[in-house]
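Let me begin by presenting the structure, written as structure tokens, before commenting on it.
The values are calculated or read from the model by the stated rules, or taken from the named source; none is laboratory data. This is a predicted model, so every value here is computed, not measured. Using ideal geometry, Cβ is built from the backbone for each residue, glycine included, and neighbour counts are taken over all protein chains shown. With ligands, DNA and RNA removed, areas are computed over all heavy atoms of the protein, side chains included. Shrake-Rupley method; radii C 1.70, N 1.55, O 1.52, S 1.80 Å.
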Amino acid sequence: MILVRNRRFGLLWSSTLLSSLGNWLMIVAVPVYVYTMTGSTLSSGFAFVAQTLPAIVFAPLAGVLADRWDRRAVMVGADLLRMIIVLALIVVDDPGTLWLLYTAMFFESAIGHFFQPAARAVVPAIVGRGDDLEAANAWNTVAGGIVRLAGGPLGGALYALLGFDGLVLIDSATYLLSAVLIFAMGRVRVADNGRQPDTSSWLATFWGQVREGLAFLFGHFVLRATLIVSSLFLLANAALNVLLVPYVIDVLGGDASDVGVLMAALGGGFLASAYVGNVLSRSGLLRMSFTGCLTGITLCFAGLFLIHHFVAALVFIALAGLPGGALLMLVQVQVQRQTPDRQLGRVGSAFSAAEMAATVVGASAGSIAGQRLPLTTTVWLVIGVLATSAVLAAVLLPTRPGPAAEPEAVATARTGDDGCAAFIDGDSRRVALPTPKLSALCESGSSPPVR
């Protein structure tokens, strides 16, 4: 099991599980807290926007830093800053102080978007781009399922038992524990692919590296099509997330604990999706996998919102987690596998910025439509957007993704019964090197970068 045999991935996975669990408690608590305080769908939706907007603003800088700085230092620093910022939520106790809640959530999310590209870029650096990459992302999907399965009901129960302030303290503590675990990973080397030091101004270097990452992303057919499809899905998903709380409270007659139960059911689906996503990713059938997942998500959300019964909602949201988690895993594997290591922070951040822009648009549209239109009408419109994403996946994506990016790691020469061969650090696969280069490796025992 990769969690055991790869110590650094095990620490990274554990830290992600802890901080994500704390975040999920707040995902349940914040919209319920705001909606209960104000009775406004628009106010609770704006809280969601405050969490997603920073990705658009800070993602370019975050991606550059993730490719230039020690990624472990970026993650530890981000966790410690978020630990402090989230404590500001304690003083929010009436509608007049909601501006502070929105501000704290904005900056907590902003700092989190420095953490995310570094964390995603670290994964292929410590597990390689072979079969372990699917295994690592499957375990990350399992973590997401555990968080959703436990975080929903736990968030609802703790909200009732400890109140909003208690959940804030728990969330802050999870950031501290996450920072400790990430620090224990040790430094993770980033391949520089032989780049020479840049002597131009910092601003010129920054924009040059941003352009380089964007050029790679939009010039790569698979990543470009994946981004279009996933962004449209996330737009619809954000709109439905905003509508879920008023739907449960106003239509189903539920409360915060019922929202937590639905989140737990979604988590169960996410747990099962780790296996499904692993199978689909290994199959290499990119178009069929994306189209199938999006079609399944569309049908599940239709059942969730159009059959007004709590048991039906419980079943459909659990089923939605299965293709939903698999789809997110498929997207992540493609980004990590198709992007060279030295550009992974920037490409991942550009991906996140575009996806979060779609999320902000979806959350804003869902909030406004939910305030002005009947709920059923709004849901039908969003389901139409989901169906469109499935059609685009069938049209834009290739049948298979094509070859992975060349691993950028250090090759070492080993001599065995079958002669000298080159191996890549962090990846158990053999690599084919030209005979003169391989011979030089064997004779010198040196470790030049694989190009």
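Assorted remarks:
- In region 151-182, the residue that is nearest to Gly267 (Cα to Cα) out of those that are open to solvent by less than 40 Å² (accessible area, probe 1.4 Å) and either touching a strand residue (DSSP E or B) at 6+ places or on another chain (Cβ under 9 Å) or of a type in the set (A, V, I, L, M) (or both) is Leu158.
- Residues (at pLDDT 70 or above and open to solvent by less than 10 Å² (accessible area, probe 1.4 Å)) located in region 33-49: Val34
- So Leu252, is it open to solvent by less than 10 Å² (accessible area, probe 1.4 Å) and modelled with pLDDT of 85 or more: no
- Test for Val261: is it in a helix (DSSP H, G or I), within 30 Å of Gln371 (Cα to Cα) and open to solvent by 50 Å² or more (accessible area, probe 1.4 Å): yes
- Any chance Val147 is at pLDDT 85 or above, among the β-branched types (Val, Ile, Thr), at negative phi and in a helix (DSSP H, G or I): no
- Test: residue in region 69-88 that is more than 25 Å from Leu181 (Cα to Cα) and either among the acidic types (Asp, Glu) or modelled with pLDDT of 75 or more (or both): no
- Yes/no for Val279 being closer than 30 Å to Pro124 by Cα, assigned to a helix (DSSP H, G or I), open to solvent by 20 Å² or more (accessible area, probe 1.4 Å) and without any contact (Cβ under 8 Å) to a residue 24 or more places away in the chain: yes
- Failed condition for Asp93, given (1) farther than 14 Å from Ser19 by Cβ; (2) assigned to a helix (DSSP H, G or I); (3) free of Cβ contacts under 8 Å to residues at least 40 places away in the same chain: (2)
- Filter result (at pLDDT below 85, open to solvent by less than 30 Å² (accessible area, probe 1.4 Å) and either under 19 Å from the mean Cα position of the chain (by Cα) or at positive phi (or both)) within region 218-245: Val242
Yes or no, residue by residue, for (1) within 20 Å of Asn237 (Cβ to Cβ); (2) open to solvent by 10 Å² or more (accessible area, probe 1.4 Å); (3) among the hydroxyl-bearing types (Ser, Thr, Tyr); (4) modelled with pLDDT under 85:
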{"position": "Gly321", "(1), (2), (3), (4)": "yes, no, no, no"}
{"position": "Leu328", "(1), (2), (3), (4)": "yes, yes, no, no"}
{"position": "Gln332", "(1), (2), (3), (4)": "yes, yes, no, no"}
{"position": "Gln336", "(1), (2), (3), (4)": "no, no, no, no"}
{"position": "Asp341", "(1), (2), (3), (4)": "no, no, no, yes"}
{"position": "Leu344", "(1), (2), (3), (4)": "no, no, no, yes"}
{"position": "Ala353", "(1), (2), (3), (4)": "yes, yes, no, yes"}
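- Options Ala387, Ala313, Ala302: the member that is more than 15 Å from Ser231 (Cβ to Cβ) and open to solvent by less than 20 Å² (accessible area, probe 1.4 Å): Ala313
- Taking the conditions (1) modelled with pLDDT under 85; (2) crowded, with 21+ Cβ neighbours inside 10 Å in turn, Thr199 satisfies each one other than (2).
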